[in-house]
Amino acid sequence: MNFKEWQQNQKVILIDGSMSLGLEEQGLDLNDALWTAKALVNEPDKIEKVHQNYYDAGANIAITSSYQATVAGFERLGHTTEESRTLIKKTVELAKQAQAKSQGIQEKWVAASIGPYGAYLADGSEYRGNYGLSQTELVDFHRERLELLLEAGADLLAIETIPDITEIQALIELLSQHPKASAWLTVTLKDAHHLCDGTDLRVFQQLAESSEQLIAYGVNCVQPDLVLPALEYLKQNATKPLVAYPNSGATYDPTTKVWTHSHAVDDVFSQQALQWHEAGCKWIGGCCCTSAKEIKLLKETFAAVL
């Protein structure tokens with residue numbers, strides 16, 4: 001059974017949490033243009049360990065460390081084109097190795113991360129959008145990585161943290177060229193009803209609903225208090241499963257690339273998560289500043305329906 005078939009009968013699907021926090025807890029300094037992809041070069045075993053921790057905590061889906069990994073980004077740091085392509089494919093391999101080693105008895109899948117153009121810029125643009133690039137230019141930017149990750153054997157694509165309607169159109173266009181691929185697409189928010197670039201959330205929804213390759217859509221790396229109103233706004237017209245994996249509520253400084261923690265997150269990934277589920281959200285996890293602890297809490301919270 002493939003992922004697309006499996007997910008149809010699930011009441012809740014647990015996505016993993018932050019890759020960056022898991023690497024930082026192992027002593028890595030990620031203040032780098034490649035962010036988590038930096039570890040692919042020198043310490044891939046630590047990436048595998050993060051994936052395994054999430055699977056062991058109960059996650060159904062591990063998201064690969066390819067969010068900020070692009071051929072252009074690696075080449076900029078001196079890697080050859082072939083080395084860069086190999087590193088991108090390696091992100092799927094590491095998640096699969098963790099999948100095989102995990103002691104968790106739940107169904108386990110690998111989602112290959114497609115981060116936004118803003119992640120390649122490494123300047124916080126994934127929370128602004130409005131890059132000034134055309135849809136064609138963005139299709140060209142995303143094509144090679146997407147194809148490499150599909151070739152590597154990911155079960156589905158996690159197109160995530162997208163702030164910009166033109167980029168959404170580009171990614172859906174690119175996906176249509178791969179009819180056998182399945183993906184989710186999640187966006188960042190300016191407020192509960194608008195993408196970071198100011199586009200109404202329902203404009204994104206119309207595009208997501210019309211794509212045959214997108215099997216779910218929603219929000220990620222947003223403040224937890226935006227999740228419920230955004231889901232309720234989308235629920236009115238949703239025919240596909242909704243997705244939510246917010247950050248912990250911490251705030252991000254794109255200059256220093258440092259998160260400032262603001263409050264405890266236990267309530268977010270228990271009581272609030274139950275509210276998201278009631279609002280039509282079936283795929284739930286955590287993003288920046290969340291850890292295996294939060295995924296274990298989600299598993300406990302939804303134990304009755306998993």
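The values are calculated or read from the model by the stated rules, or taken from the named source; none is laboratory data. No experiment lies behind these values; they were computed from the predicted model shown. Virtual Cβ from ideal backbone geometry, glycine too; neighbours counted across all protein chains shown. With ligands, DNA and RNA removed, areas are computed over all heavy atoms of the protein, side chains included. Shrake-Rupley method; radii C 1.70, N 1.55, O 1.52, S 1.80 Å.
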| note | Heads up, the stretch 71-124 by the C-alpha gyration tensor (a ≥ b ≥ c square roots of eigenvalues; a/c under 1.5 rounded, else a/b over b/c prolate, else oblate) looks oblate
| query | So what does log10 I(q)/I(0) come out to for the stretch 12-117 at q = 0.12, 0.13 Å⁻¹, using the Debye formula with one equal point on every Cα and no solvent? | reply | -0.37, -0.43
| field | Cα→Cβ-extended label distance, 7 Å offset, between Trp6 and Thr239, nm | value | 2.6 nm
| query | Once the Cβ-Cβ distance between Glu75 and Asn31 is put in as r, and R0 is 22 Å, what FRET efficiency do you end up with, to the nearest 0.05? | reply | 0.60
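How much of the accessible area of the chain, in percent, comes from carbon and sulfur atoms when a 1.4 Å probe is used?
47 percent
Would you mind checking Lys49/Lys190; Lys46/Lys108; Lys46/Lys190; Lys96/Lys299 for any pair whose Cα atoms are more than 23 angstrom apart?
Pairs exceeding the cut-off: Lys49/Lys190; Lys46/Lys190.
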| task | Work out from phi, with θ = phi - 60° and the Karplus expression 6.51 cos²θ - 1.76 cosθ + 1.60, the ³J(HN,Hα) of each residue of the stretch 217-226, listed in order in whole Hz, and give x for Gly and Pro. | result | 7, x, 10, 8, 6, 10, 5, x, 6, 8
| With contacts defined as alpha carbon pairs under 8 Å and 6 or more residues apart, what's the relative contact order of the chain in percent? | 21 percent
| note | Computed ³J(HN,Hα) along the stretch 95-100: with the Karplus parameters 6.51/-1.76/1.60, θ = phi - 60°, integer Hz and x for glycine or proline, the list is 5, 5, 5, 5, 4, 5
| query | Which distance in Å, rounded to a whole number, links the C-alpha centroids of the stretch 204-239 and the stretch 175-197? | reply | 8 Å
| task | May I ask you to evaluate 6.51 cos²θ - 1.76 cosθ + 1.60, the Karplus curve with θ = phi - 60°, for each residue of the stretch 12-22 and list the ³J(HN,Hα) values in order in whole Hz, giving x for glycine and proline? | result | 9, 10, 8, 8, 6, x, 5, 6, 4, 5, x
| said: Above 19 Å lies some portion of the pair distances; for the stretch 97-157, what is it as a whole percent of all C-alpha pairs? | reply: 48 percent
| message | Quick check: net charge around Gln7, other residues with Cβ under 11 Å of its Cβ, Lys/Arg +1 and Asp/Glu -1? | response | +1
| said: Loop only by DSSP, 16 or fewer other Cβ within 10 Å of the Cβ. Give me the GluC sites (Glu not before Pro) in the stretch 101-153 that pass, ordered by residue number. | reply: Glu107
| query | Using mean Cβ contacts within 10 Å as the protection proxy, how do 274-286, 59-71, 228-240 order, highest first? | reply | 59-71, 274-286, 228-240
| Counting pairs of alpha carbon atoms under 8 Å apart in space and at least six apart in sequence, what relative contact order in percent does the stretch 12-82 give? | 40 percent
| message | Per-residue counts of other Cβ atoms within 10 Å, averaged by peptide: what ranking do you get for 77-85, 154-162, highest first? | response | 154-162, 77-85
| task | Give the long-range amide H neighbours of Ile13: residues separated by 5 or more places, or on another chain, with amide H under 5 Å away, using H modelled in the peptide plane at 1.01 Å from N. | result | Trp283, Ile284
| task | Sort the following peptides by mean Cβ neighbour count (other Cβ atoms within 10 Å, averaged over residues), highest first: 48-58, 195-205, 170-180. | result | 48-58, 195-205, 170-180
| said: Can you tell me which aspartates and glutamates have their Cα less than 20 Å from the Cα of Lys101? Leave out same-chain residues fewer than eight positions away. | reply: Asp16, Glu43, Asp45, Glu48, Asp56, Glu93, Asp155
| request: May I ask you to give the average projected area over all directions of the convex hull of the Cα atoms of the chain, in nm² rounded to one decimal? | output: 13.8 nm²
| remark: Percent antiparallel among DSSP beta bridges confined to the chain, rounded to 5, stands at 20 percent
